[in-house]
Amino acid sequence: MAYVRNAWYVSAWGHEIVSDRPVGVRILGEPIVIWRDAAGDLTAFEDRCVHRLAPLSLGRCEGDRLRCKYHGLLYDRSGRVVEIPGQVRIPNSLRVRTYPVIERRSWVWVWMGDAAADEGLIPPILGLDYPDRHFIFGNGQLDYAAEARLINDNLLDLSHVSFLHTETFRLSETWAREHPKVTEHDRSIRSERWIKGQGLLGKLDTGELIDTYFCYEVFVPGVLLMTVRTYPVGTADALNGQQPDLNQPAEEFTSQAITPLTDKTARYFYTMGQRRGGDETVYDLTTTEKAFAEDKMMIEAQQRNIDVTPGWRFISIAADRGTVLFNRLVEKLAREESARSSTASPPAVAHQ
Amino acid sequence: MAYVRNAWYVSAWGHEIVSDRPVGVRILGEPIVIWRDAAGDLTAFEDRCVHRLAPLSLGRCEGDRLRCKYHGLLYDRSGRVVEIPGQVRIPNSLRVRTYPVIERRSWVWVWMGDAAADEGLIPPILGLDYPDRHFIFGNGQLDYAAEARLINDNLLDLSHVSFLHTETFRLSETWAREHPKVTEHDRSIRSERWIKGQGLLGKLDTGELIDTYFCYEVFVPGVLLMTVRTYPVGTADALNGQQPDLNQPAEEFTSQAITPLTDKTARYFYTMGQRRGGDETVYDLTTTEKAFAEDKMMIEAQQRNIDVTPGWRFISIAADRGTVLFNRLVEKLAREESARSSTASPPAVAHQ
Amino acid sequence: MAYVRNAWYVSAWGHEIVSDRPVGVRILGEPIVIWRDAAGDLTAFEDRCVHRLAPLSLGRCEGDRLRCKYHGLLYDRSGRVVEIPGQVRIPNSLRVRTYPVIERRSWVWVWMGDAAADEGLIPPILGLDYPDRHFIFGNGQLDYAAEARLINDNLLDLSHVSFLHTETFRLSETWAREHPKVTEHDRSIRSERWIKGQGLLGKLDTGELIDTYFCYEVFVPGVLLMTVRTYPVGTADALNGQQPDLNQPAEEFTSQAITPLTDKTARYFYTMGQRRGGDETVYDLTTTEKAFAEDKMMIEAQQRNIDVTPGWRFISIAADRGTVLFNRLVEKLAREESARSSTASPPAVAHQ
């Protein structure tokens, strides 16, 4: 599976990176250190000292510089070695690779490509700074022993909620039996649908019945933004199944990002919020955590099956439309950037 | 090491497989799901959904069908997909491989070959339904981090009991110093011997002395059936060392099966029983468990040595006669079926 | 990285090897059993029985022989099989490889080469029998998930103490900013230096100031011998920075040995002592253990970075002089013995 490199990958929550503690992460197999200097600015380096490959994430910040704690080499924010203890001359070639890094709405994004970083490609994600929201998960995080692509696939085809989450979310088979409206966009796939005359969030066993409009978009490389809007029964039919006014704020939303750590491990970041004063039982903590564990259990088992099946392949069914379109989009973008960079010198990638 | 595929492999105990809980196992590296339908019948499938390779062992039984719990594909007992939620047309080619499966005397057997399954090849094993027996281990199970063949070798050469189990079974060196009578059969090797004038089961430190006749047979692919018969001292000599009447029920018996899960892991199933009202201290639980742990410790250490010894080889000693004959038999059968299936299309095998 | 095989490797502490308990170790990837016979003498064998590769370290001593506890093969001290239970004829070729082994000053040394073992090549190490010393660590041991060479590198360039151990040893940056005098010897690199007018052991925050002379030598394959001598402030200058009288016993000493277990694991043996009645707070136990944990944390992280960096390479800085000279020496010796043994038949080596 190809990955798009000219894209922003979520690597951490902003509050996790404090000035005296650099953070080591893996993205697309590459060890990366993200550190915050005394002025509060973030910098991302290749996480290995040029000297003996010691991780710079074990180093210490000194003002706007980062010092390797093994033998004391000091780096400025451009990745250049500016001091070698006990040595006068410093070759100008001594530098580590830097990565563009941005903190946006409480998420920390790293640009993995060799093309110029384009801030406009950060998806319009919601985070802890979204006003008037109660957060059920302010900063959820879950590590997977599975390829990121399998988690993206899971999110792009929510028909699975009818079967996998029957004992947690208790959603009806409407999710699997009827298809959402799926549309393609430049760097995302959007999926939207009405669930008519069911309980809150489409639950089987909720007393009060409503119409709900679900709308979510999955952006390259793997960022899901979803909103949930509720209406009196009959609204969907009155609108002839067309979308309601999406400019109105949603009752519930969730933002999720999947980052490939290595070929077969991924980190799942997520936040979930609802309008303050809303029904706080909808996304209850325990149920949501159990449902996320169901996904993880299934997807890691799927990965293990893939690992023991030489020449494995997937087949596609009608419900996979969003998945198929998204993977086709990823492959197209990856192919394009590979074509571009074959004339330039591509950065080395260490998958593992 | 070759394995015979046209053979029945023990995969579970019958009572473990209940109607609402399919069981996933590995045999010869292949993921297999065994499930019991509402009528009580067993079915065995390749344990991966055709759609996205999710394990069907995480699925749910619906009458005589099995539904994948990821996206809801429904399979009938022939392995054919009979429903895809939200999709009208179902390609006829959508099916998983099935394996013949039989429950016999509380053991569940799976046929791994491509030839027609032959029930006559299930060894005459004893199980929980053996009458008038007290079971010390009704359904023992032990997982090994070692190749199944090494465990078979251990069982085929009981000379090891004189050295490995000195602090548990406390058997005499007669087991190693004198050889049993070993005979070859169609799909098994039989080993039988008198241990004269020693304690019960040949123990060093038992007060009362007896003659004991041990008879066991190891069947392809790895099933040991053993009986123990005791007599007054002098009986062996009176019979000139010939076998006693084997039609009489034995005082003690044990049935054991070794199943290769993967190249270097195996599952050991065993049951041990003795005549109700007999001396129940012979096979005491703690001693037997300790002795089994001694075998496991030695064999797993042996495997680790093999793993770090390029070009390793075994040498054979006089005590190995049973082992050598059995491995020769396995290789002959494996060679024959490989010759047969090279003209047909063999099933894919995923060792790991 | 090449290793010198014609060298003595520390494999254990002498008191660990008692007569009824053979000890299994790995050196350069090879499984080795060291056992002490009834007379107290040590023998080292390849740790796998010729029969079925069972570890002889699970065996039992019988006088001056070692019996495999799997099927009872008995070995004499030359590695020859002298008994096979139940078998009369014993092929003369049945033998395991033996390794020269010596106990010297509480350390057990194994010779891994094919050339004749030369006792003169055991470094002049100090051990538990050093007179009039209080031992802080009599027999320290630490296992590393890293290549031995990385630990040697760490010891050969103590500039790291200025940065890595700031919160434990609290040594000044003098260690990194000024270079020691480094000299080459036949099978070792020696490093010596004055630290002038600082606290005991060069500590930043000790009240009383002294001059300290540090002298250490790292011998092939990886044995560090260090002494620490203290003097009134001004002594170094009075001596014009020349070495003091090294025939006087040192206040403190440490002996350390790094043994490659496999390609990427190593065992670190160390002892530390000081003159009885000296300041016993210098090397306090907790601080030293924490500092050793800092080294281990850094070096194992370095190894993990190496593992995910195809085509990785180190660069050398001024502080690396000792490291560079030592690795050059190791490579020269390894090349020489490889040239010699290419005409002879080299012993098989199983790295893993």
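The values are calculated or read from the model by the stated rules, or taken from the named source; none is laboratory data. The structure displayed is predicted, hence computed values, not measured ones. Every residue, glycine among them, receives a Cβ derived from its backbone with ideal geometry; neighbour counts consider all protein chains shown.
Which residues, counting only those in segment A:176-193, are touching a residue at least 12 places away in the same chain (Cβ under 8 Å), more than 9 Å from chain B (Cβ to nearest Cβ) and outside any strand (DSSP E or B)?
The answer is A:P180, A:H185, A:R187.
From the list B:L126, B:L158, pick out the single residue that is within 18 Å of B:C215 (Cα to Cα) and assigned by TED's automatic domain parsing to the domain that holds B:G199.
Numbers: B:L126 fails: assigned by TED's automatic domain parsing to the domain that holds B:G199.
On inspection, the qualifying residue turns out to be B:L158.
Of the residues that make up segment B:233-242, is at least one under 25 Å from B:I136 (Cβ atoms), surrounded by fewer than 21 Cβ atoms within 10 Å (Cβ to Cβ) and in contact (Cβ under 8 Å) with a residue 12 or more places away in the chain?
No, the conditions are met nowhere in segment B:233-242.
C:L201 - would you say it is at positive phi, touching a residue at least 24 places away in the same chain (Cβ under 8 Å), in contact with a strand residue (DSSP E or B) (Cβ under 7 Å, 6 or more places away or on another chain) and not in a strand (DSSP E or B)?
Details: at positive phi: yes; touching a residue at least 24 places away in the same chain (Cβ under 8 Å): yes; in contact with a strand residue (DSSP E or B) (Cβ under 7 Å, 6 or more places away or on another chain): yes; not in a strand (DSSP E or B): yes.
Considered against the rule, which asks whether it is at positive phi, touching a residue at least 24 places away in the same chain (Cβ under 8 Å), in contact with a strand residue (DSSP E or B) (Cβ under 7 Å, 6 or more places away or on another chain) and not in a strand (DSSP E or B), C:L201 comes out as yes.
Being more than 14 Å from chain C (Cβ to nearest Cβ), buried (at least 24 other Cβ atoms within 10 Å of the Cβ) and either part of a strand (DSSP E or B) or touching a strand residue (DSSP E or B) at 6+ places or on another chain (Cβ under 8 Å) (or both) narrows it down to one residue among A:A44, A:A38; which is it?
Details: A:A38 fails: buried (at least 24 other Cβ atoms within 10 Å of the Cβ).
So the residue among A:A44, A:A38 that is more than 14 Å from chain C (Cβ to nearest Cβ), buried (at least 24 other Cβ atoms within 10 Å of the Cβ) and either part of a strand (DSSP E or B) or touching a strand residue (DSSP E or B) at 6+ places or on another chain (Cβ under 8 Å) (or both) is A:A44.
Contact list please: Cβ distance under 6 Å, first residue in segment B:258-272 and surrounded by 23 or more Cβ atoms within 10 Å (Cβ to Cβ), second residue of a type outside the set (S, T, Y) and not in a strand (DSSP E or B), pairs at least six apart or on different chains.
B:I258/B:A148; B:I258/B:I151; B:I258/B:N152; B:I258/B:G222; B:P260/B:L28; B:P260/B:A148; B:A266/B:A148; B:A266/B:I151
Going by the structure shown, is B:V50 buried (at least 16 other Cβ atoms within 10 Å of the Cβ), among the β-branched types (V, I, T) and more than 16 Å from A:Q303 (Cα to Cα)? Give the steps one after another, and end with the answer.
Working: buried (at least 16 other Cβ atoms within 10 Å of the Cβ): yes; among the β-branched types (V, I, T): yes; more than 16 Å from A:Q303 (Cα to Cα): no.
The answer is no for B:V50.
If you check every pair at least six apart or on different chains, which have Cβ atoms under 8 Å apart with a residue in segment C:314-331 that is assigned to a helix (DSSP H, G or I) first and a residue that is of a type in the set (K, R) second?
C:N327/C:R149; C:L329/C:R187
Counting just the residues of segment B:92-105 that are within 29 Å of the chain's Cα centre (by Cα) and not in a loop (DSSP other than H, G, I, E, B), which one comes out farthest from B:D118 (Cα to Cα)? Steps first, answer last, please.
As a first pass, look at segment B:92-105 and keep what is within 29 Å of the chain's Cα centre (by Cα): B:96-105.
The next check asks that each one be not in a loop (DSSP other than H, G, I, E, B); those that pass are B:98-99, B:101-104.
Values: B:T98: 15, B:Y99: 12, B:V101: 11, B:I102: 11, B:E103: 14, B:R104: 13 Å.
Looking at the filtered set, the residue picked out is B:T98.
Only one of these conditions is not met by A:A2: (1) more than 11 Å from chain C (Cβ to nearest Cβ); (2) part of a loop (DSSP other than H, G, I, E, B); (3) surrounded by 24 or more Cβ atoms within 10 Å (Cβ to Cβ). Which number is it?
The single condition A:A2 does not satisfy is (3).
For B:L201, state whether it is more than 14 Å from every other protein chain (Cβ to nearest Cβ), closer than 30 Å to B:N247 by Cβ and under 25 Å from the mean Cα position of the chain (by Cα).
On the way: more than 14 Å from every other protein chain (Cβ to nearest Cβ): yes; closer than 30 Å to B:N247 by Cβ: yes; under 25 Å from the mean Cα position of the chain (by Cα): yes.
When the stated conditions are applied, B:L201 passes them.
Here are some conditions: (1) touching a His at 6+ places or on another chain (Cβ under 6 Å); (2) part of a loop (DSSP other than H, G, I, E, B). B:A250 meets all but one. Which one does it not meet?
(1)
Just one of (1) surrounded by fewer than 22 Cβ atoms within 10 Å (Cβ to Cβ); (2) more than 13 Å from every other protein chain (Cβ to nearest Cβ); (3) modelled with pLDDT of 95 or more trips up C:V18, so point out which.
Unmet condition: (3).
Of the residues that make up segment A:72-82, is at least one touching a residue at least 24 places away in the same chain (Cβ under 8 Å), more than 11 Å from chain C (Cβ to nearest Cβ) and farther than 30 Å from A:I125 by Cα?
Taking segment A:72-82 as the starting set, the residues that turn out to be touching a residue at least 24 places away in the same chain (Cβ under 8 Å) are A:73, A:75, A:77, A:79, A:81.
Checking the rest, the ones that are also more than 11 Å from chain C (Cβ to nearest Cβ) come to A:75, A:77, A:79.
Among the residues that remain, those that are also farther than 30 Å from A:I125 by Cα are: A:75.
Scanning segment A:72-82 turns up at least one residue that is touching a residue at least 24 places away in the same chain (Cβ under 8 Å), more than 11 Å from chain C (Cβ to nearest Cβ) and farther than 30 Å from A:I125 by Cα.
What pairs come out if I take residues in segment C:162-175 that are within 13 Å of C:T288 (Cα to Cα) and free of Cβ contacts under 8 Å to residues at least 12 places away in the same chain and pair them with residues that are of a type in the set (A, V, I, L, M) and surrounded by fewer than 17 Cβ atoms within 10 Å (Cβ to Cβ) whose C-beta lies under 9 Å away, six or more apart or interchain?
Close Cβ pairs (under 9 Å, with a partner that is of a type in the set (A, V, I, L, M) and surrounded by fewer than 17 Cβ atoms within 10 Å (Cβ to Cβ)) amount to C:T166/C:L204.
Can you find a residue in segment A:274-287 that is on the phi < 0 side of the Ramachandran plot, surrounded by 14 or more Cβ atoms within 10 Å (Cβ to Cβ) and either within 14 Å of chain B (Cβ to nearest Cβ) or assigned to a helix (DSSP H, G or I) (or both)? Before the answer, list the steps.
First, pick out the residues of segment A:274-287 that are on the phi < 0 side of the Ramachandran plot: A:274-276, A:278-287.
From what's left, surrounded by 14 or more Cβ atoms within 10 Å (Cβ to Cβ): A:274-275, A:278-279, A:282-283, A:287.
If we keep only those that are either within 14 Å of chain B (Cβ to nearest Cβ) or assigned to a helix (DSSP H, G or I) (or both) too, we end up with A:287.
Within segment A:274-287, one or more residues are on the phi < 0 side of the Ramachandran plot, surrounded by 14 or more Cβ atoms within 10 Å (Cβ to Cβ) and either within 14 Å of chain B (Cβ to nearest Cβ) or assigned to a helix (DSSP H, G or I) (or both).
Step by step: first the residues of segment C:133-153, then only those that are touching an Asp or Glu at 6+ places or on another chain (Cβ under 7 Å) and more than 13 Å from chain A (Cβ to nearest Cβ), then the one that is surrounded by the most Cβ atoms within 10 Å (Cβ to Cβ). Which residue is that? I'd like the intermediate steps shown before the answer.
Going residue by residue through segment C:133-153, those that are touching an Asp or Glu at 6+ places or on another chain (Cβ under 7 Å) are C:134, C:144-147.
Keeping just the survivors that are more than 13 Å from chain A (Cβ to nearest Cβ) gives C:134, C:144-145.
Numbers: C:H134: 13, C:Y144: 21, C:A145: 12.
Step by step, filter segment C:133-153, then rank; the result is C:Y144.
Of all residues in segment A:47-91, which are basic (K, R), assigned to a loop (DSSP other than H, G, I, E, B) and in contact with a strand residue (DSSP E or B) (Cβ under 7 Å, 6 or more places away or on another chain)? Spell out the reasoning first.
Step one: of segment A:47-91, the residues basic (K, R) are A:48, A:52, A:60, A:65, A:67, A:69, A:77, A:80, A:89.
Restricting the remaining residues to those that are assigned to a loop (DSSP other than H, G, I, E, B) gives A:48, A:52, A:69, A:77, A:89.
Passing the criteria: A:R48, A:K69, A:R77.
Taking C:V33, is it more than 9 Å from chain B (Cβ to nearest Cβ), outside any strand (DSSP E or B), touching a residue at least 12 places away in the same chain (Cβ under 8 Å) and in contact with a helix residue (DSSP H, G or I) (Cβ under 6 Å, 6 or more places away or on another chain)?
On the way: more than 9 Å from chain B (Cβ to nearest Cβ): yes; outside any strand (DSSP E or B): no; touching a residue at least 12 places away in the same chain (Cβ under 8 Å): yes; in contact with a helix residue (DSSP H, G or I) (Cβ under 6 Å, 6 or more places away or on another chain): yes.
Considered against the rule, which asks whether it is more than 9 Å from chain B (Cβ to nearest Cβ), outside any strand (DSSP E or B), touching a residue at least 12 places away in the same chain (Cβ under 8 Å) and in contact with a helix residue (DSSP H, G or I) (Cβ under 6 Å, 6 or more places away or on another chain), C:V33 comes out as no.
Does segment B:103-114 contain at least one residue that is among the aliphatic types (A, V, I, L, M) and either farther than 24 Å from B:L225 by Cβ or within 12 Å of another protein chain (Cβ to nearest Cβ) (or both)?
no
Is it the case that segment A:154-162 has a residue that's more than 11 Å from chain B (Cβ to nearest Cβ), of a type in the set (A, V, I, L, M, F, W, C) and part of a helix (DSSP H, G or I)? Let's see the steps before the verdict.
Step one: of segment A:154-162, the residues more than 11 Å from chain B (Cβ to nearest Cβ) are A:155-156.
With the extra rule that they be of a type in the set (A, V, I, L, M, F, W, C), the set shrinks to A:155-156.
Retained after the next criterion (residues that are part of a helix (DSSP H, G or I)): A:155-156.
The answer is yes; a qualifying residue exists.
Is it the case that B:V108 is in the same structural domain as B:K69 (by TED's automatic domain parsing), more than 30 Å from A:S162 (Cα to Cα) and within 14 Å of the chain's Cα centre (by Cα)?
Answer is yes for this residue.
Quick check on A:E119: is it surrounded by fewer than 18 Cβ atoms within 10 Å (Cβ to Cβ) and either touching a His at 6+ places or on another chain (Cβ under 6 Å) or farther than 19 Å from A:L28 by Cα (or both)? Break it down stepwise before answering.
Details: surrounded by fewer than 18 Cβ atoms within 10 Å (Cβ to Cβ): yes; either touching a His at 6+ places or on another chain (Cβ under 6 Å) or farther than 19 Å from A:L28 by Cα (or both): yes.
Yes: the conditions hold for A:E119.
Name the pairs: first residue in segment A:45-56 and of a type in the set (D, E), second residue part of a helix (DSSP H, G or I), Cβ to Cβ under 6 Å, at least 6 apart or on different chains?
These pairs meet every condition: A:D47/A:L56; A:D47/A:S57.
In segment B:224-245, is there at least one residue being touching a helix residue (DSSP H, G or I) at 6+ places or on another chain (Cβ under 8 Å), modelled with pLDDT of 95 or more, assigned to a strand (DSSP E or B) and within 26 Å of B:N154 (Cα to Cα)? Spell out the reasoning first.
Going through segment B:224-245, the residues touching a helix residue (DSSP H, G or I) at 6+ places or on another chain (Cβ under 8 Å) turn out to be B:224, B:228, B:230, B:244.
Those still in the list that are modelled with pLDDT of 95 or more too: B:224, B:244.
Next, only the ones that are assigned to a strand (DSSP E or B) stay: B:224.
This time we only want the ones that are within 26 Å of B:N154 (Cα to Cα), so: B:224.
Among the residues of segment B:224-245, at least one is touching a helix residue (DSSP H, G or I) at 6+ places or on another chain (Cβ under 8 Å), modelled with pLDDT of 95 or more, assigned to a strand (DSSP E or B) and within 26 Å of B:N154 (Cα to Cα), which makes the answer yes.
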